[in-house]
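Working notes for the structure below.
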Amino acid sequence: MGKVHFTRLFLVMILCAVYNRNTGSTQIFQESDGEQICKKQTVEFCLNREKSTGEIPDLMPLDIINRDSKNVFEKYGIEFSGYCYACDLAKIRVEDKQIQFINVCDAGDFFTLDRVDRVEHSMGFKVISKDYEFTFTKIDKTPVYKLEIAGKEFSLENKRILKYFAEVESLKKFKVHDCGEFGG
């Protein structure tokens, strides 16, 4: 089941990436059983099929939406431009000995650092590579992580890295969690 699921996921991601690069319109891809897989220009693009097999769920980028709010689900939310217009943000996947930075709108556009070590700490975890240290610290007891990057300058084309992240499963709890009726 694991290899079959991975193979299907891989093929779907490639189809989504290729098809969406070739069209400027919003597209919905469905499998023969009718399950929706990908929808361009929404936060949920390919999310139903891209859950990490590691211990840490995929981390989705967040921004501060309402600095004055005490409610974490109103204070943080998606950065509209990065998710819905420019599609230039990176979600993060941590598995075994690698960390991946994946464009939120194009699962085929990703960067992987291999041979990393993951170190758990009381308020989160660190991912350490030869040149970088990525520290994910949970903000109090919320589903929000703050990311700090140490080491060489780290910048990726079309995969902008924000300061805050939330586990993919908690994204829908945030007040601003999708592109709404925006069509690109």
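For the residues SER81, SER122, a 1.4 Å probe over the protein chains yields an accessible-area ranking, largest first, of SER122, SER81.
Each Lys or Arg adds one and each Asp or Glu subtracts one; over the other residues with Cβ under 13 Å from the Cβ of LYS152, this totals -2. Ligands, DNA and RNA aside, GLU74 has an accessible area near 80 Å² when probed at 1.4 Å. Across ARG115, ARG93, the residue with the most accessible area heads the list, and the full order at a 1.4 Å probe is ARG115, ARG93.
Each Lys or Arg adds one and each Asp or Glu subtracts one; over the other residues with Cβ under 11 Å from the Cβ of TYR76, this totals +3.
Of the whole protein surface, LYS138 contributes about 70 Å² of accessible area at a 1.4 Å probe radius.
Compared with the direct C-alpha span, the chain from PHE154 to MET123 gains 8.8 nm at full extension, assuming 0.36 nm per residue. Each principal axis of the Cα atoms in the range 61-180 has its own extent, and those three values, largest first, are 38, 33, 24 angstrom. Each residue was assigned an accessible area with a 1.4 Å probe, and for LEU156 the value is about 30 Å².
The values are calculated or read from the model by the stated rules, or taken from the named source; none is laboratory data. Every value quoted in this text rests on a predicted model; they were computed, and no experiment measured them. No Cβ is skipped: glycine too gets one built from the backbone with ideal geometry, and neighbour counts run over all protein chains shown. The protein model used for the area step is the full one, side chains on, heavy atoms only, and it has no ligands, DNA or RNA in it. Shrake-Rupley method; radii C 1.70, N 1.55, O 1.52, S 1.80 Å.
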